[in-house]
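Read-outs throughout are calculated quantities, based only on the coordinates presented, and are distinct from any laboratory measurement. Note that the coordinates shown come from a computational prediction; the quantities given were computed from them, not determined experimentally. No Cβ is skipped: glycine too gets one built from the backbone with ideal geometry, and neighbour counts run over all protein chains shown.
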Amino acid sequence: MLRIDKLKQLEICDAYFISSSTNRYYFCGFKSSFGYVIYTEGNAYFLTDKRYGEEARAFFNGQSIKVIDGNKNQLNDAIQEILSSASINTVGYEDNRTSCSDFNDLSGLINKKFIAVGKQIDKLRIIKDEYELAQIEAAQKVTDKAFAKILTIIKGGMTEKDICAELEYQLKINGADGIAFDTIIASGSNSSLPHASLSKRKIENGDFIVMDFGAKYNGYCSDMTRTISLGKPSAEMVKVYETVLKAQTLAINALKAGINCKEIYNISNNYISANGYEKQFLHGLGHGLGLEIHEGPWINNLSDEILEKNTVVTIEPGIYIEKSFGVRIEDLIIIKENGIKNLTNADKKLILI
Ligand code: GLY
Ligand code: MN
């Protein structure tokens, strides 16, 4: 899908130079590991190498974008030719996705004023269109299915790595193109680390197991976390679980278009603090997601962003008791014009296996 004309909304520069694979895909709908998109005065160019030339020409056939494929020198010539137009004074580029070396190469090619617009470009991706919402919903469906299956597979004695391998297999056989990010399986005392590295620790009776995972589906991500118990949890573990769940429920119930992200964060944080765990909620409450696992809007104590309709956010409070255990529960939610749609259907009552 061609979304390149969205760059017009920025009204900052005479031309835009897109080099990241994520934004090339977002604006043009064509997957490639290398290339550039140039957009100026309503004209769009897709520059890539010979590996993608034939496929790109077929893909863009009949669309208002010109494909240029060639070697490095040929592409540099094309960039110079396009951007040297007398009507172009300013060129916007993705400062947040361009290495210093690549920027030096680009700015050495052409004597124009380069303007950093990476953040403004990324903001164009916050509000999703119907196609994107459908892909994210499909990605989450796959993720829910994989979770339901893994509950039947987990047994005492399995390692975190074993569980991870089974879970990622379930994501893939249920339709995922791949995983959305490195799966987190954190068991027992490892679960007090919000982003614990995968280990060979064997799960044992009395462990909480935090599973944070997601699928990629047609390029779009899902993201969910559930904390389950192997055997009977202690009274404190149950209290912490119920506190996190209530903190999440309160925040989800307050979600709506027009609300300030900090306000949502405070709802969860205040509840967690009131229950005595103010120092144990160690991260933001949530984030947007789409082609990337972490996108705006950001739901944390510093974020003044306002939630808009057709954005997709996670709500994922957690409490982490150092060297002991942790709990995180995460759902994926679409903000609608009137209300919300929670895409995560997996149960949230504490599951004992
Ligand atoms: N699910 C991983 C994260 O949000 O950081
Ligand atoms: Mn997340």
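Can you pull out the chymotrypsin sites (Phe, Trp or Tyr not before Pro) in the range 8-68 whose DSSP state is coil and whose Cβ has at most 14 other Cβ atoms within 10 Å?
Filter output for the range 8-68: F34.
For the range 145-236, go through all pairs of different Cα atoms, get the mean of 1/r, take its inverse, and jot down that Kirkwood value in Å.
For the range 145-236, the Kirkwood estimate is 13.3 Å.
Out of every Cα pair in the range 302-352, what percent are spaced more than 18 Å from each other?
Here the tail beyond 18 Å accounts for 49 percent of pairs.
Is the C-alpha gyration tensor of the range 18-138 telling us rounded, prolate or oblate? Criteria: a/c under 1.5 is rounded; beyond that, a/b larger than b/c is prolate, otherwise oblate.
Because a/c hits 1.5 or more and a/b fails to exceed b/c, the range 18-138 counts as oblate.
So how do K246, K349, K262 line up by other beta-carbon neighbours within 10 Å, fewest first?
K349, K246, K262
What's the center-to-center distance, using Cα atoms, between the range 1-40 and the range 278-353 in Å?
If we compute the Cα centre of each part, the gap is 29 Å.
Treat the count of other C-beta atoms within 10 Å as a stand-in for reagent exposure and order K216, K66 from fewest to most.
K66, K216
Based on Cβ point charges of +1 for Lys and Arg and -1 for Asp and Glu, what charge dipole magnitude is obtained for the range 224-288 about its Cα centre, in debye rounded to the nearest 20?
Here the size comes out at about 100 debye.
Pairs K113/K309; K119/K309; K31/K309: which are spaced more than 30 Å apart, C-alpha to C-alpha?
K113/K309
In degrees, nearest 10, range 0 to 90: what is the angle between the Cα axis of helix 100-109 and the longest Cα principal axis of the chain?
For 100-109 against the chain, the angle is about 20 degrees.
Against the empirical 2.2 N^0.38 Å scaling, what ratio does the C-alpha Rg of the range 36-77 come to?
Relative to the 2.2 N^0.38 Å estimate, the range 36-77 comes out at 1.11.
With each run of n ≥ 4 DSSP H residues scored as -39500 (n - 2.57), what mean residue ellipticity at 222 nm is computed for the chain after dividing by its residue count and rounding to the nearest 500 deg cm²/dmol?
Here the helix-only value at 222 nm equals -10500 deg cm²/dmol.
Let me see the P(r) profile for the range 235-331: every Cα-Cα distance counted, bins of 5 Å, each bin given as a percent of all pairs.
The calculated distribution, bin by bin, is 3, 15, 27, 24, 16, 10, 5, 2, 0.
Diagonalise the Cα gyration tensor of the chain and give the resulting equivalent ellipsoid semi-axes, square root of 5 times each eigenvalue, largest first, whole Å.
43, 22, 17
Can you compute the modelled spin-label distance between A148 and K256, with each label point 7 Å from Cα toward Cβ, in nm?
3.2 nm
So what J values fall out for the range 196-209 if you push phi through Karplus, 6.51 cos²θ - 1.76 cosθ + 1.60 with θ = phi - 60°, rounded to Hz, Gly and Pro as x?
Rounded to whole hertz, the list is 4, 7, 4, 9, 8, 4, 8, 6, 9, 3, x, 7, 8, 10.
Taking the Cα atoms of the range 1-88, what is the range of coordinates along each of the three principal axes, in descending order and whole Å?
Largest to smallest, the principal-axis extents are 33, 28, 24 Å.
What is the set of long-range amide H partners of T344 at a cut-off below 5 Å, with H atoms built 1.01 Å from backbone N?
When sequence neighbours closer than 5 places are left aside, the close amide H contacts are L332.
Counting Lys and Arg as +1 and Asp and Glu as -1, each charge on the Cβ, what is the dipole of the chain about the Cα centre in debye, to the nearest 20?
Charge dipole, the chain, about its Cα centre: 660 debye, nearest 20.
Can you pull the percent of Cα pairs in the range 85-233 with separation above 26 Å?
Pairs farther apart than 26 Å: 47 percent.
Return Y93, Y271 ranked ascending by Cβ neighbour count within 10 Å, so the fewest neighbours appear first.
Going from sparsest to densest Cβ surroundings: Y271, Y93.
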